[in-house]
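A.B. asks: This is the structure I have questions about; it appears just below.
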Amino acid sequence: MQRIMSMAGGVVATLAFVIVPGLAQQLDTKDAQFIKEANQVGILEFRLGTIGLENAGTKEVRELALRMVEDHNTANIELQGLANAHGLPLSYQLDPQFEAVCENFGGLRNAEFDRQYLRHVLESHKKDLDAFKKAGKTVQDSQLRDWVNMMLPVIEEHRLQAADVQAVVEKK
C-alpha cells in the first residue's frame, strides 16, 4: 500500500509540474518525433508485458514480463510528463502495426509465447538502445536528453535480463 501511495504521489507531483499553463515550450521537430516514437514503443512493451503475464509458459518469462510492465509504465508516465510540459499531445492508442504485434502475441501460449517474446524483447531493446544512444547525443531539449540518458541503463538491463531468461528457458 505504501508503494502504491508513493507511486501515486510521484504521479501527482509529475502532473502538477507539467500542467502549469503558459510554461509549454515548443520542441524541435526531431525531438517531438523521438518522443512520439518512444511513446509508441513504450506502450507496445507495456501491452506485450501484460500479455506475457497471462500467456507465458515459464516463471522466468512472467517475471520479465512483469518487469516490462512496471518499467515501461514508469517510463511512459515520465515521457507523458515531458510531452505535456512542451504542449505535445501523445496518443494512448497504438499505431496499427503495433496493434497487430499485440494481436499476434495474444494468440501465442506457453513455450511458443516464451520463444517469440524473448526474441522480440532482445531485438526491440537492441534497436531501442541504438536509438536512445543516438538521441542522447542529438536531441535539443535538455530535459528530454536527461530522460533519454536515464533510460539507457534500463534498456540495457532489459536486454540483458531477456538474454539471461532466454538461456534458462532454452535449457528447460
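A.B. asks: Looking only at region 94-103, which residues are assigned to a helix (DSSP H, G or I) and either in contact (Cβ under 8 Å) with a residue 12 or more places away in the chain or under 16 Å from the mean Cα position of the chain (by Cα) (or both)? Outline the logic, then answer.
C.D. replies: Here is the first cut: in region 94-103, the residues assigned to a helix (DSSP H, G or I) are 96-103.
The answer is 98, 99, 101, 102.
A.B. asks: Among the listed residues 135, 65, 131, 56, which satisfies the condition of being in contact (Cβ under 8 Å) with a residue 12 or more places away in the chain, in contact with a helix residue (DSSP H, G or I) (Cβ under 6 Å, 6 or more places away or on another chain) and under 26 Å from residue 26 (Cβ atoms)? Don't jump to the end; show me each part of the working.
C.D. replies: Values: 65 fails: under 26 Å from residue 26 (Cβ atoms); 131 fails: in contact with a helix residue (DSSP H, G or I) (Cβ under 6 Å, 6 or more places away or on another chain); 56 fails: under 26 Å from residue 26 (Cβ atoms).
Result: 135 is the single residue among 135, 65, 131, 56 that is in contact (Cβ under 8 Å) with a residue 12 or more places away in the chain, in contact with a helix residue (DSSP H, G or I) (Cβ under 6 Å, 6 or more places away or on another chain) and under 26 Å from residue 26 (Cβ atoms).
A.B. asks: Moving on. Within region 111-145, how many residues turn out to be over 17 Å from residue 76 (Cβ atoms), part of a helix (DSSP H, G or I) and not β-branched (Val, Ile, Thr)? Quick ask: steps written out before the conclusion?
C.D. replies: So in region 111-145, the residues over 17 Å from residue 76 (Cβ atoms) come out as 111-120, 122-123, 126-127, 129-130, 133-134, 136-142, 145.
Okay, now just the ones that are also part of a helix (DSSP H, G or I), so 111-120, 122-123, 126-127, 129-130, 133-134, 136-138, 142, 145.
Keeping just the survivors that are not β-branched (Val, Ile, Thr) gives 111-120, 122-123, 126-127, 129-130, 133-134, 136-137, 142, 145.
Looking only at that region, the number is 22.
A.B. asks: Got a number for residues in region 27-72 being within 17 Å of residue 125 (Cβ to Cβ) and of a type in the set (Lys, Arg)?
C.D. replies: 2
A.B. asks: If we keep just the residues of region 89-147 that are closer than 23 Å to residue 53 by Cβ and aliphatic (A, V, I, L, M), which is surrounded by the fewest Cβ atoms within 10 Å (Cβ to Cβ)?
C.D. replies: This residue is 100.
A.B. asks: Under 7 Å by Cβ, and 6 or more places apart or on different chains, what pairs join a residue from region 139-158 that is farther than 17 Å from residue 36 by Cα with one that is of a type in the set (Asp, Glu) and surrounded by 21 or more Cβ atoms within 10 Å (Cβ to Cβ)?
C.D. replies: 155/128
A.B. asks: Is it the case that residue 65 is under 14 Å from the mean Cα position of the chain (by Cα), more than 27 Å from residue 140 (Cα to Cα), modelled with pLDDT of 95 or more and buried (at least 20 other Cβ atoms within 10 Å of the Cβ)?
C.D. replies: Yes, satisfied.
A.B. asks: Could you pull out the residue among 94, 108, 44 that is at pLDDT 95 or above and under 18 Å from residue 156 (Cα atoms)? Please lay out each step first, then the result.
C.D. replies: Working: 94 fails: under 18 Å from residue 156 (Cα atoms); 108 fails: under 18 Å from residue 156 (Cα atoms).
Every option except 44 fails the conditions.
A.B. asks: Just wondering, is there one or more residues in region 51-61 that are surrounded by fewer than 19 Cβ atoms within 10 Å (Cβ to Cβ), under 17 Å from the mean Cα position of the chain (by Cα), modelled with pLDDT of 95 or more and within 22 Å of residue 155 (Cβ to Cβ)?
C.D. replies: Checking region 51-61: at least one residue is surrounded by fewer than 19 Cβ atoms within 10 Å (Cβ to Cβ), under 17 Å from the mean Cα position of the chain (by Cα), modelled with pLDDT of 95 or more and within 22 Å of residue 155 (Cβ to Cβ).
The values are calculated or read from the model by the stated rules, or taken from the named source; none is laboratory data. Every value quoted in this text rests on a predicted model; they were computed, and no experiment measured them. As a convention, Cβ positions derive from the backbone with ideal geometry for all residues, glycine included, and neighbour counts pool all protein chains shown.
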